[in-house]
Amino acid sequence: MAHLLHIDSSARSTGSGSASRRLSAQYAEAWRAQNPDGTVTYRDVTADVPNLVSEHWVRGVFGPAEIHDARSHAAVSAAGELIAEVEAADVLALGVPVYNFSVPASFKAWIDQICMAGRTFSYTAQGPRGLLIGKKVVVLRSSGSDFSDPRFAPLDFHEPYIRGVLGFLGITDVEFISVNGMSEEQLAPHFEKATASIANAVGAVA
Ligand SMILES: Cc1cc2nc3c(=O)[nH]c(=O)nc-3n(C[C@H](O)[C@H](O)[C@H](O)COP(=O)(O)O)c2cc1C
């Protein structure tokens, strides 16, 4: 049975106009329609911000067993729950706005928790190897600027960062569906295009 992990990270609620939440909800709805037997896990990393990397986490993940203690176990176990959600998913729908040319801090905190040596990537003689294989990610992105505009493109640290870190974890099937604009009027034509892209992404279009 197909499983979707749906994540949101905007500081705004849907009610106060979050475009990325609207877009990711639209994706999840289309995915459910296309996968009627599928299951969905939802996580809001802004409402429930993941732990930041702490000394306990570093000690638990990288330190020798002698220095592990209750707090390092707790930190690793909390990260492990987030990783298990990713491992269980076939598809991840990530609602991620652009904040200051990159991702929201809450989303970065989630990334920092799911990047765990020995669990989601490993070091080999040939270099690092991603262990999250066979997953598809759709990033539902909102921004004020249009990053296809050459004046803004060099400031786009959002898409290259997400592609880079997911690729490091073994996830290379990554699609971005973006809307941009600061008003409903500016956003409307992008949502129209995004609706068609979502239908394609969930396989609703032959
Ligand atoms: C803290 C903050 C930082 C932002 N930084 C950028 C930015 O660097 N580039 C940009 O194009 N838009 C930026 N924006 C605009 C948002 O990306 C845009 O309003 C987007 O729709 C926000 O996502 P949301 O609608 O899901 O809340 C920023 C907005 C906020 C609140």
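The values are calculated or read from the model by the stated rules, or taken from the named source; none is laboratory data. Nothing here was measured: the structure is a model prediction, and the numbers come from that model. Positions of Cβ are backbone-derived with ideal geometry, glycine not excepted, and every protein chain shown enters the neighbour counts. SASA here: full protein model, heavy atoms, side chains in, ligands and nucleic acids out. Shrake-Rupley method; radii C 1.70, N 1.55, O 1.52, S 1.80 Å.
Numbers below:
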| quantity | calculated |
| --- | --- |
| Condition check for Arg119: open to solvent by 40 Å² or more (accessible area, probe 1.4 Å), farther than 18 Å from Val45 by Cα and away from the ligand (no atom under 16 Å from the Cβ) | yes |
| Unique residue being surrounded by 15 or more Cβ atoms within 10 Å (Cβ to Cβ), closer than 23 Å to Ser102 by Cβ, away from the ligand (no atom under 16 Å from the Cβ) and not small (Gly, Ala, Ser) when the list is Leu23, Leu5 | Leu5 |
| Residues within region 132-165 that are part of a loop (DSSP other than H, G, I, E, B) and either open to solvent by less than 50 Å² (accessible area, probe 1.4 Å) or in contact with a Leu (Cβ under 7 Å, 6 or more places away or on another chain) (or both), tallied | 7 |
| Hits in region 77-116 (condition: of a type in the set (Ser, Thr, Tyr) and away from the ligand (no atom under 14 Å from the Cβ)) | Ser77 |
| Verdict on Leu187 being within 14 Å of the ligand (Cβ to nearest atom) and surrounded by fewer than 17 Cβ atoms within 10 Å (Cβ to Cβ) | no |
